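Notes for the one structure printed next.
The values are calculated or read from the model by the stated rules, or taken from the named source; none is laboratory data. Every value quoted in this text rests on a predicted model; they were computed, and no experiment measured them. Heads up, the Cβs are rebuilt from the backbone with ideal geometry, glycines too, and the neighbour counts pull from every protein chain shown. Accessible surface areas use protein heavy atoms only, side chains included; no ligands, DNA or RNA. Shrake-Rupley method; radii C 1.70, N 1.55, O 1.52, S 1.80 Å.
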Amino acid sequence: MEIKEIQDKKIWEDFLLSFTDKTFLQSWNWGDFNKAMGNKIWRLGIYDWNELVGTALVSKVSARRGTFLLIQHGPNVKTESKKLEVLNALLEELKKLGEKEGACFIRMNPLWGDKDIFTKLGFKTAQMHANAYEATLKLDISLPEQELLSDMRKTTRYLIRQAQKNPEIEISKSNEMKDVALFDKLNKEVARHQKFVPFSLDFVKNEFDVLSKDNQTLLFFGKYKGEIVASALVVFWSGIAFYHQAALSPKYHKIPVAYLLQWEAIKEAKERGCKTYDFWGFVDPKENPNHPWAGPTLFKMGFSGELYQYLKTQDFPLSWKYWLTFAFEKLRKIKRSL
């Protein structure tokens, strides 16, 4: 096994085309987004006798809880039987990189189901997720629109139709940078009400700016009586649409704007040739009724889709300082009821 940095965007993106379990967090452009946010990145290719068998987008994160190397929704490994060998080779490279960069641990949350591979190599289950989901709902949108509507929860289908009939509800789309501020304003209002920390305006601006260069993102706005009360930032990449960020004004939960907005986003994804719609995150509302994602998950479930569950985020300690991070995140997890 040999590890080399990949400099060619086409090689990187073409390799990821064949994967079913993948997200844009391992895309070439997400690497550019990380650079725009001031993070160092490495696009690592794992080669077996000159054949590319795995990739990993690695970023260096400097936070209050420590400096660490992060791989979100990766690595991507071509063959199931090669996973242990690839991960072992990657880990050895990351250890050297971590020492050079002053990192106290490595964090990754791959879209894998097998924890044994990580346990064998000395990984620990993290106390917090890596700002990327560990379970999600995915909807097959290759079906005709009428079938998609038929498969929805009866209430969801009804609310979409009611919203379509309501002249006071309007859904619009935008690929203009100036409209990011409109999304941010609503998102911050929702965050204050629901007591969570939203992505910063710089984060959303950079995400929109980088991804829009390849026509990979779109803003959706839902208006009620002329006021923006719902919004979403949807990412389109490699045949998949991702419902990445969304906000709904707490004053208008009884108005079905968000249902129509979601349906319009699904139709846009179909028009772009996407085969899958990823609702970006799932928490079982029955098992975790107090979790911040419980309400949004109930909303997503109404549109149907299949549940995909992956391995919990994994950490590899590089120094004793990691255990300070471990303790800090454990306390924060308890405090946030996660």
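Assorted remarks:
- Condition check for Val257: touching a residue at least 12 places away in the same chain (Cβ under 8 Å), within 21 Å of Asn131 (Cα to Cα), touching a strand residue (DSSP E or B) at 6+ places or on another chain (Cβ under 7 Å) and β-branched (Val, Ile, Thr): no
- Flag for Val283 being under 21 Å from Tyr310 (Cβ atoms), open to solvent by less than 30 Å² (accessible area, probe 1.4 Å) and either among the acidic types (Asp, Glu) or at pLDDT below 95 (or both): yes
- Index of the failed condition, Lys251 passing every other in (1) farther than 28 Å from Pro167 by Cβ; (2) open to solvent by 40 Å² or more (accessible area, probe 1.4 Å); (3) modelled with pLDDT under 95: (1)
- Qualifying residue in the range 219-239 (condition: modelled with pLDDT under 95, in contact with a Ser or Thr (Cβ under 7 Å, 6 or more places away or on another chain) and not hydroxyl-bearing (Ser, Thr, Tyr)): no
- Note on the range 115-127: residues that are open to solvent by 60 Å² or more (accessible area, probe 1.4 Å) and in a helix (DSSP H, G or I) amount to 3.
- Pairs meeting the criteria (first residue in the range 103-114 and closer than 12 Å to Ala132 by Cα and open to solvent by less than 10 Å² (accessible area, probe 1.4 Å), second residue of a type in the set (A, V, I, L, M) and part of a strand (DSSP E or B), beta carbons under 6 Å, at least 6 apart or on different chains) are Arg107/Leu70; Met108/Ile71.
- Subset of the range 197-228 [within 17 Å of the chain's Cα centre (by Cα), more than 27 Å from Lys275 (Cα to Cα) and part of a loop (DSSP other than H, G, I, E, B)]: Val197, Pro198, Phe199, Ser200
- Of the set (1) over 28 Å from Tyr322 (Cα atoms); (2) among the acidic types (Asp, Glu); (3) at pLDDT 95 or above, all apply to Glu80 but (3).
- Count of residues meeting criterion [in contact (Cβ under 8 Å) with a residue 60 or more places away in the chain and in a strand (DSSP E or B)] in the range 168-196: 3
- Scan of the range 18-34 for residues that are among the aromatic types (Phe, Trp, Tyr) and assigned to a helix (DSSP H, G or I), ordered by number: Phe24, Trp28, Trp30, Phe33
- The range 229-338 holds helices (runs of 4 or more DSSP H) entirely within its bounds, and those carrying 3 or more residues that are of a type in the set (Gly, Ala, Ser) map to 257-271.
- Of all residues making up the range 136-158, the number that are within 30 Å of Phe328 (Cβ to Cβ) and either at pLDDT below 95 or part of a loop (DSSP other than H, G, I, E, B) (or both): 0
- Tallying residues that are touching a residue at least 24 places away in the same chain (Cβ under 8 Å), part of a helix (DSSP H, G or I) and open to solvent by 40 Å² or more (accessible area, probe 1.4 Å) within the range 53-96 yields 6.
- Answer from Asp179, Asp184, Asp202 - the residue that is of a type in the set (D, E, K, R) and open to solvent by 50 Å² or more (accessible area, probe 1.4 Å): Asp202
- Any hit, the range 9-17, residues being under 27 Å from Glu329 (Cβ atoms) and either assigned to a strand (DSSP E or B) or not aliphatic (A, V, I, L, M) (or both): no
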